[in-house]
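Please read the structure below before turning to the comments.
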Amino acid sequence: MKITYTRHAEDKLERPDIKKFKVDKTLIENSLGKSKHKNKTKSGEFAHFVSISVRHDLRIIYDIIGTDIKVITFHIAKKGRYDKT
């Protein structure tokens, strides 16, 4: 399984607000590699959540192309922001 990133995701890794939470490619790749479940977003991509602090989750939006994964974007959200009710 090969993991690639869009230019948007690559650029986002360099932002100071993202670095503050110690988000890097290693964290993203380890999280996606261990993922057993796939949640679909409204637009058809997949979403995966990782807890990065007591109050925050990392939401990774990605697509599966054959056996490879393409990370489209990711963002930090308060816990519970994307919980299904």
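The values are calculated or read from the model by the stated rules, or taken from the named source; none is laboratory data. Predicted model only: the values in this text are computed from it and were never measured. Positions of Cβ are generated from backbone atoms using ideal geometry, with glycine treated the same way; all protein chains shown enter the neighbour counts.
Counting only residues that are surrounded by 16 or more Cβ atoms within 10 Å (Cβ to Cβ), hydrophobic (A, V, I, L, M, F, W, C) and touching a Lys or Arg at 6+ places or on another chain (Cβ under 9 Å), segment 53-71 holds 2 of them.
Residues being under 18 Å from His8 (Cα atoms), outside any strand (DSSP E or B) and modelled with pLDDT under 90 are entirely absent from segment 68-79. Checking each residue in segment 3-29 for being farther than 16 Å from His56 by Cβ and under 13 Å from the mean Cα position of the chain (by Cα) picks out Ile3, Thr4, Tyr5, Thr6, His8, Ala9, Glu10, Leu13, Lys25, Thr26, Glu29. Restricting attention to segment 4-17, the residues being touching a Lys or Arg at 6+ places or on another chain (Cβ under 8 Å) and not aromatic (Phe, Trp, Tyr) number 3. Looking only at segment 28-67, filter to residues that are among the small types (Gly, Ala, Ser) and within 15 Å of Tyr5 (Cβ to Cβ); which one of those is modelled with the highest pLDDT? Restricting to residues being among the small types (Gly, Ala, Ser) and within 15 Å of Tyr5 (Cβ to Cβ), the top hit is Ser31. Among the residues of segment 1-47, the ones that are in a loop (DSSP other than H, G, I, E, B) and in contact (Cβ under 8 Å) with a residue 40 or more places away in the chain come to 5 in all.
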